[in-house]
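The values are calculated or read from the model by the stated rules, or taken from the named source; none is laboratory data. Treat the numbers as computed from the prediction; the structure is a model and nothing was measured. Every residue, glycine as well, gets a Cβ built from its backbone with ideal geometry; the counts of neighbours run over all protein chains shown.
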Amino acid sequence: MIFGSFERMVAFRYLRARRAEGFVSVIAIFSLLGIMLGVATLIIVMSVMNGFRVEFVNHILGIEGHLAVMSATGPLANFEGLEQQIRAVPGIVAARPQVEGQVLASTGHASTGVLVRGMRAADIERQPLLANAIDPTALAQFKDDGVIVGVRLAQRLGVAPGAQVTIVSPNGNATAFGTMPRIKSYRIVGLFDLGMFQYDNNMILMPLAQAQLFFNTGNGVDSIEVFAQDPDHLDAQRAALDQIIGPAARIVDWRQTQASYINAIEIERNVMFLILSLIILVAAFNIISGMIMMVKDKGRDIAILRTMGATRGMILRIFILSGASIGVVGTFLGFVIGTEFALHIEAIRQFVQDIVGVNLFSAEMYFFTRIPARVYAADVVTVVAMAFALSFLATLYPSWRAARLDPVEALRYE
């Protein structure tokens with residue numbers, strides 16, 4: 001649809017309403033603001049939901065592994081040979097044996113239940129996410145009775161590197177006086193800060209040999225965490241591992257263990273998109289009502305233009321351009337505001353939090369210590385295209401009514 005200079009001039013003139021037409025102008029302004037807020041809100045929410053999913057998956061897979069090989073009965077014996085076989089499978093980049101168990105961690109200040117995970121220092125160094133969260137000097141001391149504690153757990157226990165933490169296991173040793181819990185003190189050699197609350201607040205890393213001794217697994221381990229090149233396509237690797245381990249062990253896929261979290265994020269993302277799209281839809285209805293009122297108000301002008309030689313097509317294009325301009329400007333402003341807000345949302349959150357003095361993003365509730373956001377071009381294009389489409393469709397009926405207006409009838413009732 002090509003708009004001539006005459007049509008553009010008249011269309012933009014109609015948008016600058018006179019004092020007697022102020023109500024029509026107010027409706028146009030609110031329609032523009034509605035589209036702007038709808039587009040901006042959609043971009044921000046979609047970006048934050050994308051950020052949550054990416055950060056959650058990256059953190060989970062960077063710590064937990066993509067597949068886990070577990071023994072059906074008791075610890076995995078001879079895990080070194082099994083580990084080498086697993087590493088040789090095409091598509092698998094790493095395998096990490098570990099021992100873990102729930103214990104009571106106690107200091108002179110507090111006590112709390114935590115997860116102890118026994119790992120080798122070399123395996124930690126090969127995990128970028130975990131290695132980057134630990135001071136290299138702490139990794140160098142990660143041996144014998146040295147342990148590394150989550151930064152938030154250390155705050156809860158009131159300890160710092162160099163302090164002692166006592167670990168109590170409920171699975172004790174059998175004695176003549178009954179089962180006695182295993183108790184041992186360890187030296188905290190460092191802290192880790194993964195930025196994910198459930199780990200920083202509840203986990204202690206222990207050298208694998210010490211964990212085997214404390215949890216009484218002998219020379220075995222509880223599981224072997226497996227990391228693949230493509231975590232979204234693991235069927236080939238899982239089939240190969242089935243051939244290696246046989247019936248004596250079982251395989252757990254991250255898509256099974258974390259399915260509830262991933263599905264919840266996807267469902268929430270889709271529902272939020274649907275709900276927030278209603279803002280743009282309401283703004284589009286405002287455009288329709290405003291345009292209908294404009295057509296009614298401009299009946300005499302339309303009749304004069306028709307008698308001067310303007311065709312129905314010209315009248316149609318004038319009102320389409322007038323109404324669509326509201327959608328275009330509102331969408332553009334919403335795009336700019338939403339994109340900039342999403343790209344700097346953490347800095348904005350910190351600024352507002354410092355002013356009001358209230359924690360706006362609780363790590364205990366949202367797992368992360370900062371607001372993650374990922375602006376994807378495909379999402380932005382979808383939101384902008386939807387806003388453009390609704391704005392354009394909203395102008396068709398009022399513009400059609402304007403083009404169908406009979407000049408004689410319009411002038412007769414003026």
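Taking the criterion of being touching a residue at least 24 places away in the same chain (Cβ under 8 Å), over 21 Å from Gln98 (Cβ atoms), surrounded by 14 or more Cβ atoms within 10 Å (Cβ to Cβ) and β-branched (Val, Ile, Thr), would at least one residue in segment 244-254 satisfy it? Lay out the reasoning, then the answer.
The first filter runs over segment 244-254 and keeps only residues touching a residue at least 24 places away in the same chain (Cβ under 8 Å), leaving 244-245, 247-254.
From the residues that got through so far, the ones that are over 21 Å from Gln98 (Cβ atoms) too are 247.
Filter again for surrounded by 14 or more Cβ atoms within 10 Å (Cβ to Cβ), leaving none.
The answer is no; no qualifying residue exists.
What's the number of the condition Ile292 fails, among (1) without any contact (Cβ under 8 Å) to a residue 24 or more places away in the chain; (2) more than 39 Å from the chain's Cα centre (by Cα); (3) under 30 Å from Val383 (Cα atoms)?
(1)
Which pairs turn up if I take residues in segment 154-172 that are part of a helix (DSSP H, G or I) and look for partners that are of a type in the set (A, V, I, L, M, F, W, C) with beta carbon separation below 8 Å, at least 6 apart in sequence or on another chain?
Between residues of segment 154-172 that are part of a helix (DSSP H, G or I) and residues that are of a type in the set (A, V, I, L, M, F, W, C), the close pairs are Ala154/Ala160; Ala154/Ile188; Ala154/Leu191; Arg156/Ala110; Leu157/Ala105; Leu157/Ala110; Leu157/Val149; Leu157/Val165.
Testing Lys296 on (1) buried (at least 16 other Cβ atoms within 10 Å of the Cβ); (2) modelled with pLDDT under 80, one condition comes back false. Which one is that?
Every condition holds for Lys296 apart from (1).
Name the residue that is nearest to Ile244 (Cα to Cα), counting only residues in segment 40-82 that are surrounded by fewer than 19 Cβ atoms within 10 Å (Cβ to Cβ) and among the charged types (D, E, K, R).
Checking each candidate, the answer is Glu80.
Could you say which residue among Ile251, Ile244 is under 25 Å from Pro75 (Cα atoms) and over 31 Å from the mean Cα position of the chain (by Cα)?
Sole residue among the options that is under 25 Å from Pro75 (Cα atoms) and over 31 Å from the mean Cα position of the chain (by Cα): Ile244.
Among the residues of segment 53-65, is any farther than 17 Å from Leu234 by Cα, modelled with pLDDT of 85 or more, under 36 Å from the mean Cα position of the chain (by Cα) and acidic (Asp, Glu)?
No.
For a quick check of your reading of the model, give me the residue pairs whose first member lies in segment 328-353 and is among the acidic types (Asp, Glu), whose second is not in a helix (DSSP H, G or I), with beta-carbon atoms closer than 9 Å and at least 6 apart or on different chains.
Glu346/Phe361; Glu346/Arg370; Glu346/Ile371; Glu346/Pro372; Glu346/Ala373
Mind checking which helices (runs of 4 or more DSSP H) fall wholly inside segment 221-326 and carry at least 1 residues that are hydroxyl-bearing (Ser, Thr, Tyr) and closer than 16 Å to Ser391 by Cβ? Quick ask: steps written out before the conclusion?
Working: elements: 235-245, 254-257, 259-297, 299-307.
Where helices (runs of 4 or more DSSP H) fall fully within segment 221-326 and carry at least 1 residues being hydroxyl-bearing (Ser, Thr, Tyr) and closer than 16 Å to Ser391 by Cβ, they are 259-297.
Do you know which residues across segment 83-106 are assigned to a helix (DSSP H, G or I) and among the aliphatic types (A, V, I, L, M)?
Within segment 83-106, just Ile86 meets the criteria.
All but one of (1) modelled with pLDDT of 85 or more; (2) out of contact with any Phe, Trp or Tyr (no Cβ under 6 Å at 6 or more places or on another chain) hold for Ala94; which doesn't?
(2)
Which pairs do you get when a residue that is over 13 Å from Glu225 (Cβ atoms) and free of Cβ contacts under 8 Å to residues at least 24 places away in the same chain, found in segment 117-145, comes within reach of a residue that is among the charged types (D, E, K, R) and surrounded by 14 or more Cβ atoms within 10 Å (Cβ to Cβ), reach meaning Cβ atoms under 6 angstrom, with the pair 6+ apart or on two chains?
Matching pairs, first to second residue: Ala131/Glu125.
Only one of these is modelled with pLDDT of 75 or more, on the phi < 0 side of the Ramachandran plot and charged (D, E, K, R): Arg370, Arg306, Arg404, Arg412. Name it.
Selected residue: Arg404, the only one of Arg370, Arg306, Arg404, Arg412 that is modelled with pLDDT of 75 or more, on the phi < 0 side of the Ramachandran plot and charged (D, E, K, R).
Being surrounded by fewer than 18 Cβ atoms within 10 Å (Cβ to Cβ) and out of contact with any Ser or Thr (no Cβ under 6 Å at 6 or more places or on another chain) is true for just one of Asp145, Asp200. Which residue is that?
Numbers: Asp200 fails: surrounded by fewer than 18 Cβ atoms within 10 Å (Cβ to Cβ).
Within the list Asp145, Asp200, the selection yields Asp145.
So Val114 ticks every box in (1) surrounded by 15 or more Cβ atoms within 10 Å (Cβ to Cβ); (2) part of a helix (DSSP H, G or I); (3) of a type outside the set (Lys, Arg) but one. Which box is left unticked?
Going through (1) surrounded by 15 or more Cβ atoms within 10 Å (Cβ to Cβ); (2) part of a helix (DSSP H, G or I); (3) of a type outside the set (Lys, Arg) one by one, Val114 breaks only (2).
Residues of segment 72-119 being among the polar types (S, T, N, Q) and either outside the structural domain of Ala163 (by TED's automatic domain parsing) or in contact with an Asp or Glu (Cβ under 8 Å, 6 or more places away or on another chain) (or both), which ones?
Gln98
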